[in-house]
Amino acid sequence: MNRTDDISNLFNRFGASADSYLEFDSHFDYKEKPLALVPTTPVPVVIDAPQAAIGVVEAAPVDRPIQDAAELSPTKTPQVAAPLRHLLAEVALARQAEAQARNEEALRQVLPNGRPSKTKAHVIALISGKGGVGKSTLASALATLLRVEHGQTVAIDLDPQNALQHHLGAEPDVAGMGNASLQGENWNSLLLAGPAGSLLLPYGAVTEDERRTLERYLENDEFWLARQLASMALGENDVVILDTPPGRTAYLDQVLMVADQVLVVVTADAACFLTLDPMQRLLDERKARGQVQQCNYVINQFDASRAFCRDMQEVLKRRLGNELLGTVALDHGVGEALAYGQNPLLKAGFSPACRDMRVLSDTLKAQLQSMDIAESYAS
């Protein structure tokens with residue numbers, strides 16, 4: 001069966017005739033030639049490192065809501081509370097400061113106002129512009145040697161170093177002037193026995209806070225020491241030896257208010273020479289107020305074997321004149337006696353330093369007697 005028969009049969013099925021069927025040629029003459037199909041070959045893909053796009057058109061800026069600005073602002077870090085132990089420590093310190101202020105105010109209120117009556121005893125104060133001059137050694141020597149007939153000698157240590165008790169060979173005691181002053185006790189109850197019938201009031205063992213509190217009392221009450229001495233009820237034949245810390249301190253200001261005789265201890269060296277001007281200015285001011293009746297100097301630990309010391313001694317003699325009361329030789333045996341708990345002034349044998357100390361004691365005693373005679377004439 002050919003193609004024509006197929007078409008006739010198809011028309012017959014629809015009830016039509018294939019006579020009017022015309023078959024056209026399928027060849028067309030196109031104006032454009034058809035494109036030939038060229039087989040494509042796969043192009044290898046090369047993966048390069050990412051590069052910035054060239055010629056990329058950026059999008060136009062878009063206005064963001066107002067609340068975005070707040071999102072960009074830095075957030076505040078919440079404050080961390082201090083640990084509880086720190087807060088409790090602050091409360092405890094504040095409570096202690098408040099209690100201390102109340103105690104000081106109570107003490108100021110109980111202290112009598114005005115200047116107390118002067119003690120009848122002779123008061124000798126040993127002072128120095130610098131440390132290391134042997135001031136406590138001389139104070140212990142005067143406490144041992146200086147005695148007025150029918151009287152007693154009392155050595156009072158006003159130096160927080162609390163060394164005078166060792167020089168005098170007294171039994172160490174934690175109680176002393178510092179504790180008694182803070183607790184309002186009378187000094188007579190704490191006197192210790194010293195050599196040759198002398199008495200000693202040590203500074204005593206105190207804490208740093210107690211020492212600072214005591215020194216504030218001294219600064220607030222210029223008659224503190226005068227009140228303490230007056231309460232001891234000493235007689236006119238008694239002698240008080242005051243040992244003080246070196247330099248300008250609250251203790252020095254108190255001492256200059258009560259001392260009849262001030263003895264400035266120096267050594268024959270440049271360091272002590274440089275302290276003379278400020279010390280003399282201070283003493284001249286106190287003399288102008290009528291507080292210091294007699295003031296003298298003593299050269300201690302003098303080494304005559306050295307030419308420089310001899311020259312310095314001559315310089316001091318010219319500078320001080322009649323105010324230079326004497327010179328005490330350097331004697332290493334004095335320091336060795338302290339190491340063994342001995343008093344060199346009570347030992348037999350010759351010692352240049354002990355000889356000079358005896359001469360110094362006799363000179364001071366003669367001055368005290370002259371002052372008594374002058375006062376008796378004045379009265």
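The values are calculated or read from the model by the stated rules, or taken from the named source; none is laboratory data. Note that the structure is a prediction, hence the values are computed from the model and not measured. Here the Cβ is made from the backbone with ideal geometry for all residues, glycine too, and neighbour counts use every protein chain on show.
Rundown of residues vs (1) modelled with pLDDT of 95 or more; (2) under 16 Å from ASP159 (Cβ atoms); (3) in contact with a Pro (Cβ under 6 Å, 6 or more places away or on another chain); (4) not hydrophobic (A, V, I, L, M, F, W, C), yes/no style:
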site: PRO172; (1), (2), (3), (4): no, yes, no, yes
site: SER181; (1), (2), (3), (4): no, yes, no, yes
site: GLY184; (1), (2), (3), (4): no, no, no, yes
site: ALA196; (1), (2), (3), (4): no, no, no, no
site: LEU200; (1), (2), (3), (4): yes, yes, no, no
site: ASP209; (1), (2), (3), (4): no, no, no, yes
site: LEU214; (1), (2), (3), (4): no, yes, no, no
site: ASP221; (1), (2), (3), (4): no, no, no, yes
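When the residues of segment 297-350 are filtered to those that are crowded, with 17+ Cβ neighbours inside 10 Å and touching a Gly at 6+ places or on another chain (Cβ under 7 Å), the one that is nearest to GLN367 (Cα to Cα) is VAL298.
Can you find, within segment 336-353, the residue that is nearest to ALA163 (Cα to Cα) among those that are in contact (Cβ under 8 Å) with a residue 24 or more places away in the chain and in a helix (DSSP H, G or I)?
Step one: of segment 336-353, the residues in contact (Cβ under 8 Å) with a residue 24 or more places away in the chain are 338, 341-343, 345-346, 353.
Then drop every residue that is not in a helix (DSSP H, G or I), which leaves 338, 345-346, 353.
Values: LEU338: 11, LEU345: 18, LEU346: 19, ALA353: 20 Å.
Checked segment 336-353; the qualifying residue nearest to ALA163 (Cα to Cα) is LEU338.
Report yes if GLU104 is in a helix (DSSP H, G or I) and modelled with pLDDT under 95, otherwise no. Considered against the rule, which asks whether it is in a helix (DSSP H, G or I) and modelled with pLDDT under 95, GLU104 comes out as yes.
Which of the residues that make up segment 352-379 are surrounded by 18 or more Cβ atoms within 10 Å (Cβ to Cβ) and small (Gly, Ala, Ser)? If the condition is that a residue be surrounded by 18 or more Cβ atoms within 10 Å (Cβ to Cβ) and small (Gly, Ala, Ser), then ALA353, SER361 are the ones that fit. Looking only at segment 239-268, which residues are in a loop (DSSP other than H, G, I, E, B) and buried (at least 17 other Cβ atoms within 10 Å of the Cβ)? Within segment 239-268, THR244, PRO245, PRO246, THR249, ALA259, ASP260, THR267, ALA268 meet the criteria. Filter segment 150-168 down to the residues that are farther than 13 Å from SER198 by Cα and assigned to a helix (DSSP H, G or I) and list them by number. The answer is HIS166, and nothing else.
For segment 123-145, name all the residues that are among the hydrophobic types (A, V, I, L, M, F, W, C) and under 18 Å from ASP260 (Cα atoms).
VAL123, ILE124, ALA125, LEU126, ILE127, LEU138, ALA139, LEU142, ALA143
Looking across segment 221-244, just one residue is under 27 Å from the mean Cα position of the chain (by Cα) and hydroxyl-bearing (Ser, Thr, Tyr), and that is THR244. So, in segment 224-238, how many residues would count as being of a type outside the set (A, V, I, L, M, F, W, C) and not in a helix (DSSP H, G or I)? Number of matching residues: 4.
The residues of segment 169-195 that are within 29 Å of LEU345 (Cβ to Cβ), touching a helix residue (DSSP H, G or I) at 6+ places or on another chain (Cβ under 9 Å) and either touching a residue at least 60 places away in the same chain (Cβ under 8 Å) or not in a helix (DSSP H, G or I) (or both), listed by number, are GLY169, ALA170, GLU171, PRO172, ASP173, ALA175, GLY176, LEU192, GLY194, PRO195. Of all residues in segment 122-132, those that are aliphatic (A, V, I, L, M) and at pLDDT below 95 total 0. Under the condition of being of a type in the set (A, V, I, L, M) and within 29 Å of the chain's Cα centre (by Cα), which residue from segment 268-282 is nearest to LEU126 (Cα to Cα)? Only one residue fits best here, namely MET279.
Checking PRO160, PRO202 one by one, the residue that is under 19 Å from GLY341 (Cα atoms) and either of a type in the set (Val, Ile, Thr) or surrounded by 15 or more Cβ atoms within 10 Å (Cβ to Cβ) (or both) is PRO202 and no other.
Kindly indicate which of ARG310, ARG319 is out of contact with any helix residue (DSSP H, G or I) (no Cβ under 8 Å at 6 or more places or on another chain) and under 20 Å from ALA268 (Cα atoms).
On the way: ARG319 fails: out of contact with any helix residue (DSSP H, G or I) (no Cβ under 8 Å at 6 or more places or on another chain).
Just one listed residue meets the conditions, ARG310.
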